[in-house]
Every structure is written in structure tokens, then in C-alpha cells.
1. Looking at the range 15-37 only, could you name the residues that are more than 6 Å from ligand 2 (Cβ to nearest atom) and of a type in the set (A, V, I, L, M, F, W, C)?
2. Collect the residues in the range 1-31 that are surrounded by fewer than 17 Cβ atoms within 10 Å (Cβ to Cβ), assigned to a loop (DSSP other than H, G, I, E, B) and at pLDDT 80 or above, keeping them in residue-number order.
3. Is it the case, given these coordinates, that Ala72 is assigned to a helix (DSSP H, G or I), near ligand 1 (Cβ under 9 Å from one of its atoms) and exposed (fewer than 13 other Cβ atoms within 10 Å of the Cβ)?
Amino acid sequence: MRKCTRCAVDGAPCIVSELSDSCERCYRTHRSCELSAPWSEVQKVLAQSDKLDEQILESQAKILRLRKQKRALVKKLKELGAREEQNVFGLEQDEQAAASTGAPSVPASEFDFSVPVDFPWNEEMATLLDSSSGGTVV
Ligand SMILES: [Zn+2]
Ligand SMILES: [Zn+2]
């Protein structure tokens, strides 16, 4: 048979009277008994539910606080990011300015490709120039 906590602690028999909300011992000592009628049980559950509601509200408030903090951080991060982008943009502008003020409009890379350093044409022309020049001089 189920015992209420007090009877269990006391090691005494827990006898619930049909006429009472409490067990016999609790009734005699005017204590609240957890084996009492459903109504007190309902109140207890309701109290627990209310307590959980409070905790939920507290948690939601905490979540809102944390979200607000995160929004502030994201905002700060965006500000930092914007500054970063401005810096990059500034550097790009500098590079473009340097390129435009530099020599021809032809990009250096394309210029390199048009005349490879090790192209055989140079050697042939060199020998031709050497022989022709030597021939005319001598
Ligand atoms: Zn009892
Ligand atoms: Zn009891």
C-alpha cells in the first residue's frame, strides 16, 4: 500500500480515511498529506505548472536578452566589416590608379606574352645582323 512521505519517514502505517483529505496520521497532526484528495493534488500540479510557466518566461526573457546582445554584436561586426570593405576598396583604387598612371594601356601580362624572352627569332635576327654588319664593314 502507498504511504505518504511523512508516514514513510515515520515508518508508520498510512491509512487514508474516506472522510478526510489526509491520511489518518497527517489528519491527527494537522499536516498536509500528499495522499489527500485529488483537489490538493490538482493544486499541487497547478502550482508546479505555474512555476514552470515562470521559468519559461524567465528563459524567454533571457533568450530575448541574449538575442539583443547578439544583434548588438552582429551590428558591431557589420560596422567592422564595412570598415574592412572600405579599406579593400581603397587599396583597389590605389592599384588601379598606379596601373593607369603607369606606362602603356596594355596590361603587363599581355605584353610579356607578345614577345617571349626565349623566342628563337631573336637569335636568328642577331646572327643575321652580325653577319650583315660584319659583311658591310669588312
Ligand atoms: Zn500517511
Ligand atoms: Zn499523510
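1. Ile15, Val16, Leu19, Ala37
2. So in the range 1-31, the residues surrounded by fewer than 17 Cβ atoms within 10 Å (Cβ to Cβ) come out as 1-2, 5, 8-13, 15, 17-20, 24, 28-31.
Restricting the remaining residues to those that are assigned to a loop (DSSP other than H, G, I, E, B) gives 1-2, 11-13, 15, 17-20, 29-31.
Once the filter is applied, which keeps residues that are surrounded by fewer than 17 Cβ atoms within 10 Å (Cβ to Cβ), assigned to a loop (DSSP other than H, G, I, E, B) and at pLDDT 80 or above, the range 1-31 yields Gly11, Ala12, Pro13, Ile15, Thr29, His30, Arg31.
3. Numbers: assigned to a helix (DSSP H, G or I): yes; near ligand 1 (Cβ under 9 Å from one of its atoms): no; exposed (fewer than 13 other Cβ atoms within 10 Å of the Cβ): yes.
Considered against the rule, which asks whether it is assigned to a helix (DSSP H, G or I), near ligand 1 (Cβ under 9 Å from one of its atoms) and exposed (fewer than 13 other Cβ atoms within 10 Å of the Cβ), Ala72 comes out as no.
The values are calculated or read from the model by the stated rules, or taken from the named source; none is laboratory data. Quantities reported herein were computed from a predicted structural model and do not represent experimental measurements. Quick reminder, even Gly has a Cβ in these numbers, built from the backbone with ideal geometry, and neighbours come from all protein chains shown.
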